[in-house]
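The values are calculated or read from the model by the stated rules, or taken from the named source; none is laboratory data. This is a predicted model, so every value here is computed, not measured. Here the Cβ is made from the backbone with ideal geometry for all residues, glycine too, and neighbour counts use every protein chain on show.
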Amino acid sequence: MCSHYEAPTLEALQETYGVAPGSSYKNDIWPGYSGVFLRAAKETDPHDEAAPAIEALPGRFSLLPSWAKDEKLARSTFNARSETVATKPSFRSAWKNAQHCIIPATAIYEPDWRSGKAVPTRITRHDGKLLSIAGLWECWRSPDGEMVHSYTMLTINADDHPMMQNFHRPGHEKRMVIVLPGPQVSEWLNASADESARYFQQYPAERLTAEPQQPR
């Protein structure tokens, strides 16, 4: 499970994906905070070869389905389990409609309990590049009529992952977000619902770095 991550700068987004949102967003992201996500471009000019195939949008971290009455649901929808995403009411519409997105991150944070206390740990790519986290997006109309985009990170079991098995409370199932290698980013954004499960793979531990942080 991942409830805290570090969003990249606008410059890093532009350098990695060639796009950036038109508005600012927070870099230190928790559920309910405004961040940024990437999706396949909804409107492209077929005659413009330079038109980007993806777009970057501001959105709320924690998915809000169209039927949500208010934003309280966001407290529990920041992650979607790959095993139940197709059937859980909060996510099944976005899944059925293949509303795939990428959540770009400089780092994610997980608690290391091996010492008996939760030690915040910053996890990054070993090569210093951005983490491309697979997710789903939605569009929700708030009670006052505002259209709000939101997104969630997909997770898979990590009980046997050499690094991610070290995080979360003892006795609890170990989970990790789905980090996609560069060539799969465009594939994921354009995949159908039937093709989605093929991307549920653990990111190699040797390509990740974990650094304990001082508790705030």
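Whether any residue in segment 71-83 is in contact with a Cys (Cβ under 9 Å, 6 or more places away or on another chain), at pLDDT below 95 and loosely packed, with under 14 Cβ neighbours inside 10 Å is what I want to check. Full working, then the answer.
Quick first cut of segment 71-83, residues in contact with a Cys (Cβ under 9 Å, 6 or more places away or on another chain) only: 78-79.
Within this subset, residues satisfying the condition of being at pLDDT below 95 are none.
No, there is no match, as no residue in segment 71-83 is in contact with a Cys (Cβ under 9 Å, 6 or more places away or on another chain), at pLDDT below 95 and loosely packed, with under 14 Cβ neighbours inside 10 Å.
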Subject >> Residue in segment 87-100 that is surrounded by the fewest Cβ atoms within 10 Å (Cβ to Cβ), counting only those that are touching a residue at least 40 places away in the same chain (Cβ under 8 Å) and touching a Lys or Arg at 6+ places or on another chain (Cβ under 8 Å) >> reply: 99
Subject >> Residue in segment 99-113 that is within 22 Å of residue 197 (Cα to Cα) and of a type in the set (Phe, Trp, Tyr) present >> reply: no
Subject >> Conditions (1) in contact (Cβ under 8 Å) with a residue 40 or more places away in the chain; (2) under 26 Å from residue 12 (Cβ atoms): number failed by residue 142 >> reply: (2)
Original post:
Within the set of pairs 6+ apart or on separate chains, which have a first residue in segment 1-23 that is among the β-branched types (Val, Ile, Thr), a second that is in a helix (DSSP H, G or I), and C-beta atoms under 8 Å apart?
Top reply: 19/13
Original post:
If only one of 128, 171, 145 is in a loop (DSSP other than H, G, I, E, B), within 25 Å of residue 17 (Cβ to Cβ) and either of a type outside the set (Asp, Glu) or within 15 Å of the chain's Cα centre (by Cα) (or both), which one is it?
Top reply: 128
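Taking the condition of being modelled with pLDDT of 95 or more and part of a loop (DSSP other than H, G, I, E, B), how many residues in segment 20-31 meet it? Spell out the reasoning first.
Start the filter on segment 20-31 by keeping residues that are modelled with pLDDT of 95 or more, which leaves 28-31.
Next, only the ones that are part of a loop (DSSP other than H, G, I, E, B) stay: 30-31.
So the answer is 2.
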